[in-house]
There are 2 protein chains.
Amino acid sequence: MQEVKREKWGNNFSEWFRSVLNGAELYDYRYPIKGCGVWRPYGFKLRRNVLKIIRKLLDETNHHEVLLPLLIPETLLAKESEHVKGFEEQVYWVTHGGLDKLDVKLALRPTSETALAPMLKLWIKSHSDLPLKLYQVVSVFRYETKATRPLIRVREITTFKEAHTAHATLEDAERQVKEAVEVYSKFFNSLGIPYTINLRPQWDKFAGAIYTIAFDTIMPDKRVMQIGTVHNLGQNFSKAFEITYLKVDGTHDYIWQTCYGISERAIAALISIHGDDRGLIIPPSIAPIQLVIIPIPYRGFEEKVYEKSREIYEILKKAGFRVKLDDREDITPGSKFYDWELRGIPLRIEIGPKDLEEETITISRRDTLERYKYKVHEMIEKIEKLLEEVEKALKKRAKQWFKNQINRIENLEEAKRIFEEKGGILEVPWCGNDECGLKLGEKLDARVLGEALDVDKYVSKCIICGKPSTKILRLARTY
Amino acid sequence: MQEVKREKWGNNFSEWFRSVLNGAELYDYRYPIKGCGVWRPYGFKLRRNVLKIIRKLLDETNHHEVLLPLLIPETLLAKESEHVKGFEEQVYWVTHGGLDKLDVKLALRPTSETALAPMLKLWIKSHSDLPLKLYQVVSVFRYETKATRPLIRVREITTFKEAHTAHATLEDAERQVKEAVEVYSKFFNSLGIPYTINLRPQWDKFAGAIYTIAFDTIMPDKRVMQIGTVHNLGQNFSKAFEITYLKVDGTHDYIWQTCYGISERAIAALISIHGDDRGLIIPPSIAPIQLVIIPIPYRGFEEKVYEKSREIYEILKKAGFRVKLDDREDITPGSKFYDWELRGIPLRIEIGPKDLEEETITISRRDTLERYKYKVHEMIEKIEKLLEEVEKALKKRAKQWFKNQINRIENLEEAKRIFEEKGGILEVPWCGNDECGLKLGEKLDARVLGEALDVDKYVSKCIICGKPSTKILRLARTY
């Protein structure tokens, strides 16, 4: 058995990531504007499958998909003062239409709270219109001045799923925040992306929110990447935009709002977390191609091998697998192996002269590189099982690796040493005071991810001030 | 039986269209930028079903979906000189990122030929990379100075399906044009939208194309709307962008290109063509809701009626129908009828005390307003048949109406009179000379749609110059 290598993957991740995006023809970052890329057919199909999952989860929980305009007038964007402060340095401005200068500058949406607000004002009249749960999948734009990275820090985020909800009470908004956290948890679970859930510190919340909960994962270079956020907006926007509703008792109140988003970073994480030195490994449940059939034509058996391959292809297609027959004749089987391994197809099926003789197929697993021989008459059942195994194994490996990157330390000096050495996520006991978090972040030159929400109460002493503590604070170097 | 009225629909179409878009909650045009609207949940679902059809047709014919950036640098947009001339007065320009002025202005894509060109240059090396057939579904932007109209003439076209193909020879590009015309024909047929297919005059072709073929439909106000176009681009773009490929014989040549697009105008046509004075009528095959169940609760039977309604709902849902139970208790059945008729649900099912007694349901057809009574045990089969009938009847009615709006006239004076009186499409014998077309257009104050491509040879004399002719020229007042 060959060895599964993850050296380039872990030690030279940036290079690995770029070469995989290009080599597997997922996303082309050579477009002549910095921070803008092109989804190629194979990448687009993967993206489509990922979006199918989140749409299903949202539709099932009574969210309704809508589509809001891209352009937001400056006057609208500026109505909620914290919000505009948070975004104004990152906004692209449209100033001209044809040869005319526009009266009011138009922003390319950096996010859509302010585009939705005037519509909510029209749509929501009374308590019977609430709760209202909407979402859209669109491009959003940020004029990033930091170094950009394909899919991770871009200027056109091409795949932004943003949900916006309106509620009659704070309690219902809180319930919605919980539902959103649950939906996102299910989403990342189904992609096999491990995560931590953290309450962001006040200084790092979404511009205009009361508080922000974030999903953070760890990438192969041990840096942490935010992959989803859930915000309770309170009445900040509804007061700024005067969105009220008629209560049961006949009085009026401002609506309560939440919003939550995930982006193509989910796809970047998916690609990265399951990969190895040979390229992608896509979990079978979302793989655009689950099986690739490669004929191994020995001299004298060419036609028979191709014929058998086509026959097997038809059977597997009919059985409902997403299967591809690579019958290119000008390329060696070895080059085909390389191509499809790079693209992360979970199972490869080879059909050679021996298979003809024995009525078998030879299967190779992309994740472990293990090889199997199955009789043709039993192959459907065996393949089904094998796909399930690959799915499970990928998720298990990702989880295990992730767990190993989290270090819980109680002693400050040790925390510094371990964090410097190992990266990943540092967990420390914490009194809950923002100042202590801030201090620790500075000492470690790390970002404070915030209070861990997905752990049990942990009785200890704050790593900074020494006061009794029950909370866990998480820190990391982030993208 | 009640009468199906189409008075407001035909005589006051603009008003009808706006009130239906709003009333049925399809698309909200009250967004605070002129020419930009919001797809609401019900409209979005209809749009999703329409897009499903075109995606299926394109995927089946080996088109691959991609996603290109929204922003196009001015330098790129300007490379093909005819193209930029055609679009420069309609382009929105991004000039600032945050507080910085950009070095190069960025256009919001009016269409994506020039965004794709540098990528094709990277992707296409040799004849084995051809043909390449790509498409995307995106928003495009046109700074319209004419009066705007929701879904029909907007500044953000939110649903632009644009396909772009590359070929080794002119012949293959011509074959592709034919395939595109076939795909679009199937698409409009499946929506029940009648159309004519016309070769646009040279002065009205797509900026940068050799020629343009257009699909034109007729709206209830007898004006013609262009709903799809197919362009042969020749080597105009490939020469401007220097996109070449290696031929089998070892030499290089520029690629040949086509492109073709449809927009949300297809949805505007769908909504309009099948409507009547009560609102929408959506063909069952694409209706987000095919059946709505409305309980008719007489005093003393309330609980039993609701219970039976829920039971019927479960049965029909399980049978695979897209069914909705309207069990709102604060609204009368009459208001519910009004709501769902406006939204165009093909079949309404009423369940009252008598139905309980007789184990029946009462069905009302949205298109003819006819009513039927079916036994519960036979309802699935009956409903299936009825949905098919509605589908067929809608398509037939649309076709018949459309045919009546086309007038073929050989005499100039009569043509003038009939066109003034009836509007719609005027068909006249034509020698094929552009000058004659131009003259006639001016005389009638009509737009020349171009040469009819979907008619048999017609031997006559040109209506303008009197020379022998075999072609048909079409003219109309258009949007």
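The values are calculated or read from the model by the stated rules, or taken from the named source; none is laboratory data. What you see is a predicted model; the values in this text were computed from it and never measured. Cβ placement follows ideal geometry from the backbone for every residue including glycine, while neighbour counts extend to all protein chains displayed.
Quick notes on this one:
- Number of the exception - residue A:301 against (1) modelled with pLDDT under 95; (2) within 30 Å of the chain's Cα centre (by Cα): (2)
- Scanning segment B:381-405 for residues that are aliphatic (A, V, I, L, M), in contact (Cβ under 8 Å) with a residue 40 or more places away in the chain and over 24 Å from residue B:333 (Cβ atoms) turns up B:394, B:398.
- Residues of segment B:162-177 satisfying the condition of being more than 25 Å from residue B:139 (Cβ to Cβ) and hydroxyl-bearing (Ser, Thr, Tyr): B:169
- Residue ID - nearest to the other protein chains (Cβ to nearest Cβ), chosen from residues in segment A:159-176 that are in a helix (DSSP H, G or I) and buried (at least 22 other Cβ atoms within 10 Å of the Cβ): A:176
- Top-ranked residue of segment B:120-158 - restricted to ones that are under 21 Å from the mean Cα position of the chain (by Cα) and small (Gly, Ala, Ser), ranked as surrounded by the fewest Cβ atoms within 10 Å (Cβ to Cβ): B:147
- Scope segment B:448-474; condition touching a helix residue (DSSP H, G or I) at 6+ places or on another chain (Cβ under 7 Å), more than 25 Å from residue B:178 (Cβ to Cβ) and of a type outside the set (Val, Ile, Thr); matching residues: B:462, B:465
- Odd one out for residue B:124 among (1) at pLDDT 95 or above; (2) under 30 Å from residue B:31 (Cβ atoms); (3) not basic (Lys, Arg): (2)
- Applying the set (1) among the hydroxyl-bearing types (Ser, Thr, Tyr); (2) without any contact (Cβ under 8 Å) to a residue 24 or more places away in the chain; (3) farther than 17 Å from residue B:107 by Cα to residue A:148 leaves exactly one unmet item: (2).
- Test: residue in segment B:147-158 that is more than 10 Å from chain A (Cβ to nearest Cβ) and polar (S, T, N, Q): yes
- Options A:453, A:440; residue that is within 30 Å of residue A:145 (Cβ to Cβ) and modelled with pLDDT of 95 or more: A:440
- Any hit, segment B:337-352, residues being over 28 Å from residue B:193 (Cβ atoms) and modelled with pLDDT under 95: yes
- So residue A:449, is it crowded, with 21+ Cβ neighbours inside 10 Å and under 18 Å from residue A:195 (Cα atoms): yes
- Qualifying residue in segment B:185-193 (condition: basic (Lys, Arg), outside the structural domain of residue B:446 (by TED's automatic domain parsing) and touching a strand residue (DSSP E or B) at 6+ places or on another chain (Cβ under 6 Å)): no
- Residue count, segment B:209-237 (criterion: touching a residue at least 24 places away in the same chain (Cβ under 8 Å) and part of a strand (DSSP E or B)): 17
Residues checked against (1) outside any strand (DSSP E or B); (2) in contact (Cβ under 8 Å) with a residue 40 or more places away in the chain; (3) surrounded by fewer than 21 Cβ atoms within 10 Å (Cβ to Cβ):
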| site | (1), (2), (3) |
| --- | --- |
| B:239 | yes, no, yes |
| B:253 | no, yes, yes |
| B:258 | no, yes, no |
| B:266 | yes, yes, no |
| B:288 | yes, yes, yes |
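- Within segment A:12-26, the set of residues being surrounded by fewer than 21 Cβ atoms within 10 Å (Cβ to Cβ) and away from chain B (no Cβ under 14 Å) comprises A:12, A:13, A:14, A:15, A:18, A:19.
- Residue A:159 vs. criteria in contact with a Lys or Arg (Cβ under 7 Å, 6 or more places away or on another chain) and touching a residue at least 60 places away in the same chain (Cβ under 8 Å): yes
- Residue match in segment A:371-381 (condition: of a type in the set (Val, Ile, Thr) and not assigned by TED's automatic domain parsing to the domain that holds residue A:347): no
- The set of residues in segment B:452-464 being crowded, with 16+ Cβ neighbours inside 10 Å and among the hydrophobic types (A, V, I, L, M, F, W, C) consists of B:452, B:462, B:463, B:464.
- Any strands (runs of 3 or more DSSP E) falling wholly within segment A:27-126 and containing at least 2 residues that are more than 9 Å from chain B (Cβ to nearest Cβ): A:100-108
- Flag if residue A:147 is more than 25 Å from residue A:17 (Cβ to Cβ) and not charged (D, E, K, R): no
- Complete set of residues in segment B:406-446 that are crowded, with 17+ Cβ neighbours inside 10 Å, over 27 Å from residue B:11 (Cβ atoms), touching a Lys or Arg at 6+ places or on another chain (Cβ under 9 Å) and in contact (Cβ under 8 Å) with a residue 40 or more places away in the chain: B:428, B:429, B:430, B:431
- Of residues in segment B:357-371 being crowded, with 16+ Cβ neighbours inside 10 Å and either touching a strand residue (DSSP E or B) at 6+ places or on another chain (Cβ under 6 Å) or assigned to a helix (DSSP H, G or I) (or both), the one farthest from the other protein chains (Cβ to nearest Cβ): B:360
- The number of residues in segment A:442-462 that are touching a Ser or Thr at 6+ places or on another chain (Cβ under 7 Å) and assigned to a loop (DSSP other than H, G, I, E, B) comes to 5.
- Hits in segment B:318-350 (condition: part of a loop (DSSP other than H, G, I, E, B) and free of Cβ contacts under 8 Å to residues at least 40 places away in the same chain): B:320, B:322, B:326, B:327, B:328, B:329, B:330, B:331, B:332
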